[in-house]
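Visitor: Can you keep this structure in mind? I'll have questions shortly.
Nothing in this text is a laboratory measurement; each read-out follows from the coordinates by a stated rule. Fair warning: this is a prediction, and the values are worked out from it, not measured in the lab.
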Amino acid sequence: MAVLYYLEGLQPFTRLHAKPLVAAIPLAAVALGVKAAVSGAAAPVVGSVAGLVAYAKSLQLLGFTQVERRLGATLVSRYREALADARG
């Protein structure tokens, strides 16, 4: 992906690009920890959910820019509307 950004000249890299990668470290650690601690069919489900919670919390601790907050609010609004439509 970095090569594509560079070759296409889409935008300069900043430290903000590293935040999702840094937040993925706790996600992987939690998911692998759950896999080691929980056996059976529940392990992937519990590991995925716990890992995603760790990822979200890590991103929150790293902080969001104003643009990221606005994007998040837009996505939450869209998903709420879609869920409301699906429920009837």
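Visitor: Based on DSSP H runs of at least 4 residues, each adding -39500 (n - 2.57), what is the mean residue ellipticity at 222 nm of the chain after dividing by all its residues, to the nearest 500 deg cm²/dmol? Kindly include the intermediate steps, with their values, before the conclusion.
Guide: Working: 4 runs with 69 residues, N = 88.
Using -39500 (n - 2.57) per qualifying helix, the result is -26500 deg cm²/dmol.
Visitor: I would also like to ask the following. With a length cut of 20 Å (Cα positions projected on each helix's long axis) and a Kyte-Doolittle mean of at least -0.5, go through the chain and give me the DSSP H helices that pass. Walk me through the numbers before you get to the answer.
Guide: Numbers: long enough: 19-37 (28 Å, 1.56); 42-62 (30 Å, 1.35); 66-87 (32 Å, -0.58).
Helix filter hits for the chain: 19-37, 42-62.
Visitor: Fully extended, how many nm does the chain gain between Leu83 and Val67 (0.36 nm per residue separation, minus their Cα-Cα distance)? Walk me through the intermediate numbers first.
Guide: Numbers: separation 16, 0.36 × 16 = 5.76 nm, distance 2.44 nm.
Full extension of this stretch gives 3.3 nm more.
Visitor: Separate question: Picking from Val76, Val38, Val46, which is most flexible by a Gaussian network model of the chain using Cα springs under 10 Å?
Guide: It is Val76.
Visitor: Amide H to amide H under 5 Å from Phe64: which residues, 5+ apart in sequence or cross-chain, H placed 1.01 Å off N in plane?
Guide: none
Visitor: Going by a ≥ b ≥ c, the root eigenvalues of the Cα gyration tensor, does the chain fall in the rounded group (a/c under 1.5), the prolate group (a/b larger than b/c) or the oblate group? All intermediate terms of the calculation are to be shown ahead of the outcome.
Guide: Values: a/c = 2.12, a/b = 1.20, b/c = 1.77.
Oblate, because a/c is 1.5 or more while a/b does not exceed b/c.
Visitor: Using 0.36 nm per residue of separation minus the Cα-Cα distance, give me the extension gain between Phe13 and Ser39 in nm, one decimal.
Guide: Numbers: separation 26, 0.36 × 26 = 9.36 nm, distance 4.08 nm.
Fully extending the segment from Phe13 to Ser39 adds 5.3 nm.
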